[in-house]
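Visitor: Below is the structure I would like to discuss, written out as structure tokens.
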There are 2 protein chains.
Amino acid sequence: MQLHKRDVVEAATAILDDYGIADLTMRRLARELDVTPGALYWHFANKQQLLGAVADRILQPALKEPPSPTWRESISGACERLRDALLSHTDGAELVSASFAAGQSQAATEFLAQLADAATEAGVDAEHADLAARTVVYYVLGFTVDEQSRLQWDAAGALPSDQSVLSTDLGAAWPATSDSSNRFAFGLRLLIDGIAAHRASRQGQSVG
Amino acid sequence: MQLHKRDVVEAATAILDDYGIADLTMRRLARELDVTPGALYWHFANKQQLLGAVADRILQPALKEPPSPTWRESISGACERLRDALLSHTDGAELVSASFAAGQSQAATEFLAQLADAATEAGVDAEHADLAARTVVYYVLGFTVDEQSRLQWDAAGALPSDQSVLSTDLGAAWPATSDSSNRFAFGLRLLIDGIAAHRASRQGQSVG
DNA sequence: ACCTGAACACCGTTCAAGT
DNA sequence: ACCTGAACACCGTTCAAGT
């Protein structure tokens, strides 16, 4: 039967989840779809574009924005959804980070625009709102790439019996997800406070 | 004559500057050094490690820290030196960003420690100083990767005669380096203000 | 319109064997 | 100790030709 873009992206996501970004090659993907590598180039101009489509798929859940009462919650909510989306696919942060840098993810652009809106709400002038949004995205991507590589490294080295590197002392379980989330929230607060400070130093508006 | 690590890193940097990161392959590098690819693996365990050494070389100028009167100037000074170092090599931001994420650059770790010291000076507790430093580095790397890709794209498309995409209107020259630097400074101020706000919300210290 | 076959021009890495 | 020769197991991309 006919090959459609959606099938290709779905199969690519499956390879990503099961084997990671290093195994997500055009040839491997073609094999999985029972076609010749050349077939993929009928649907996608090149690998970068295909990865961009995978990035868009990963970012879908991060784009739903429930209305927030304050701009602070708009930003931190969006960032938490972004991090969650990245963490729910093997090497998700790395893939999206690369696609974002290459300008191949339409969803990333959309996400950026949402953040810029929140920054505008916060009182940042239009000229700088996009920049504030980018700064926030750089943080989330950088943090999550780091976090995910550690998580996956630990998961790979984890033996069936709980023999972790840091669990030589009894009882004390390995610093869990909650700690990582706290660390994430710290950096986020830094940025949000920075945006608030900028707003305040420009013109006095109602406190968000 | 004998091949030394320093020769290899120097030749690698030359390829980077002249042809970019895509052409910085082990085989190409070996050819340039008049050796067999296998020879490189006597001196470096793998390509990542070699790229880490190149990153260290690029970061060297960013590590000199002149004493600053305030922690704010320590941070912004370090960040400007980092950006300058990255921009002075083709694809420098991309290479250092990758090496940093892979944990292969010793210089990047050192740079991080310097920033963490400044954050501590600012009144951030030890537990969070490293995190604040990372947040700043994520910003500088993210911003500069973006900036450099645009710069290089423009430079590649620039015809001998000043036929730029945006210069269809007369007189108005293309937004120059100064604008980019202003944008860089904006995001940096955001982060520094965020750090200051965090310090203030914790305990009242002398204003930096 | 959509895909195959086959090629082009490469990669990173390993390792016995040489000096 | 340091490097070569040669191989292993791959890559992304193109494009005439088929259906």
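Visitor: How large is ³J(HN,Hα), in whole Hz, for each residue of region B:75-82 in order, when computed from phi with the Karplus curve 6.51 cos²θ - 1.76 cosθ + 1.60 and θ = phi - 60°, using x for Gly and Pro?
Guide: Values, residue by residue: 5, 5, x, 4, 5, 5, 5, 4 Hz.
Visitor: Taking each residue in B:137-145, count the Cβ atoms of any other chain within 10 Å of its Cβ, then average. What number comes out?
Guide: Details: counts 2, 12, 7, 2, 3, 11, 4, 1, 4.
Rounded to a whole number, the mean comes out at 5.
Visitor: Using only the Cα atoms of the protein assembly as shown, build the gyration tensor, take square roots of its eigenvalues as a ≥ b ≥ c, and label the shape rounded, prolate or oblate: rounded if a/c is under 1.5, else prolate if a/b is larger than b/c, else oblate.
Guide: Rounded shape, in that the Cα axes give a/c under 1.5.
Visitor: Per the helix-only calculation at 222 nm, which mean residue ellipticity applies to chain A, given -39500 (n - 2.57) for every DSSP H run of n ≥ 4 and division by its residues, nearest 500 deg cm²/dmol?
Guide: My calculation for chain A gives -23000 deg cm²/dmol from helical runs alone.
Visitor: Which order, highest average first, do A:181-188, A:63-70 follow once you tally other Cβ atoms within 10 Å for each residue and take the mean per peptide?
Guide: In decreasing order of mean packing, A:181-188, A:63-70 become A:181-188, A:63-70.
Visitor: Residue by residue, what Karplus-based ³J(HN,Hα) values in Hz, rounded to whole numbers, does region A:127-140 have, using 6.51, -1.76 and 1.60 with θ = phi - 60° and x for Gly and Pro?
Guide: 4, 10, 4, 4, 5, 4, 4, 4, 4, 5, 5, 4, 5, 4
Visitor: I would also like to ask the following. Explain nothing, just compute: Karplus ³J(HN,Hα) = 6.51 cos²θ - 1.76 cosθ + 1.60, θ = phi - 60°, for every residue of region B:5-15 in order, whole Hz, x for Gly and Pro.
Guide: 3, 5, 4, 4, 5, 5, 5, 4, 5, 5, 4
Visitor: When only Cα pairs under 8 Å and 6 or more residues apart are kept, what is the percent relative contact order across chain A?
Guide: 19
Visitor: On to the next question. Hey, got the average number of other protein chain Cβ atoms within 10 angstrom for residues in B:93-106? Could the numbers behind the result be given before it?
Guide: On the way: counts 1, 2, 0, 0, 4, 2, 0, 3, 7, 1, 4, 0, 0, 0.
Average neighbour count from other chains, rounded to a whole number: 2.
Visitor: Normalised by the residues of region B:1-115, what does the relative contact order come to in percent, with Cα pairs under 8 Å and at least six apart?
Guide: 29
Visitor: Please report the residue of chain A with the smallest beta-carbon distance to the A-to-B rotation axis, and give that distance in Å, no decimals.
Guide: A:G194, 2
Visitor: Take every residue in peptide A:184-191, count the Cβ atoms of other chains within 10 Å of its Cβ, and give the average of those counts.
Guide: Going residue by residue through A:184-191 and averaging, the value is 6.
Visitor: Computed over the Cα atoms of region B:3-135, what is the ratio Rg over Rh, Rh following Kirkwood? Could the numbers behind the result be given before it?
Guide: Details: Rg = 16.6 Å, Rh = 15.7 Å.
Reported Rg/Rh, Kirkwood definition of Rh: 1.06.
Visitor: Rounded to the nearest Å, what's the spacing between the alpha carbon centres of region A:92-155 and region B:177-197? Just the number, please.
Guide: Using only Cα atoms, the two centres lie 17 Å from each other.
Visitor: Tell me the volume per residue, in Å³, of the convex hull enclosing the alpha carbons of region B:1-75.
Guide: 118
We did not get these values from a lab; they are worked out from the coordinates using the rules stated. Nothing here was measured: the structure is a model prediction, and the numbers come from that model. Note that each Cβ is placed from the backbone with ideal geometry, even for glycine, and that neighbours are counted across all protein chains shown.
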